[in-house]
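The block underneath contains the structure these notes are about, expressed in structure tokens.
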């Protein structure tokens, strides 16, 4: 996973970022949130912000939305934030993974939860 992030970082630094880079960054951020990997999620957020602030980049608007989403994901995972936000945590009956909020399907195993 960090190899993928390193590849995206190289693309951003080299001015080669594309829509596929944003999709990969979104997937990394989502997976990091599911695994509760704060370090990786922070790196993905910082990279999205860098891409959003790049002058004249056609991906800036989408990167800003991704950076905002990353901030929301971080807020869910930061210590103490979940209790303050009143979020609920449950577990998937099929795989036992923690599920934040009220998802319809488990992201880990695909179990339908409704």
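Roughly what angle does helix 19-35 make with the longest principal axis of the chain, taking Cα atoms, 0 to 90 degrees, to the nearest 10? For helix 19-35, the angle is close to 30 degrees. In terms of Cα atoms, the Rg and Dmax of region 2-78 work out to 11.3, 34 Å. Relative to the longest principal axis of the Cα atoms of the chain, helix 2-13 runs at roughly 30 degrees.
Per 0.36 nm of contour for each residue apart, how much would the distance between residue 34 and residue 114 grow if the chain were fully extended, relative to their Cα-Cα spacing? Can you show the working numbers first?
Numbers: separation 80, 0.36 × 80 = 28.80 nm, distance 1.93 nm.
The residue 34-residue 114 span can extend by a further 26.9 nm.
Principal-axis analysis of the Cα atoms of the chain puts helix 60-77 at an angle of about 30° to the longest axis. For 43, 7, 76, the sequence from fewest to most other C-beta atoms within 10 Å is 7, 76, 43. The modelled label-to-label distance for the pair residue 68/residue 18, using points 7 Å beyond Cα in the direction of Cβ, is 2.7 nm. Adding -39500 (n - 2.57) for every DSSP H run of four residues or longer, then dividing by how many residues the chain holds, sets the calculated 222 nm ellipticity at -19000 deg cm²/dmol. Working from Cα pairs under 8 Å separated by at least six residues, relative contact order for the chain is 17 percent.
The numbers here are math on the coordinates, done by the rules we state, and not lab data. Keep in mind that what you see is a predicted model, and the values were worked out from it rather than measured. FYI the Cβ positions are ideal-geometry reconstructions off the backbone, even for glycines, and counts take in every protein chain you see.
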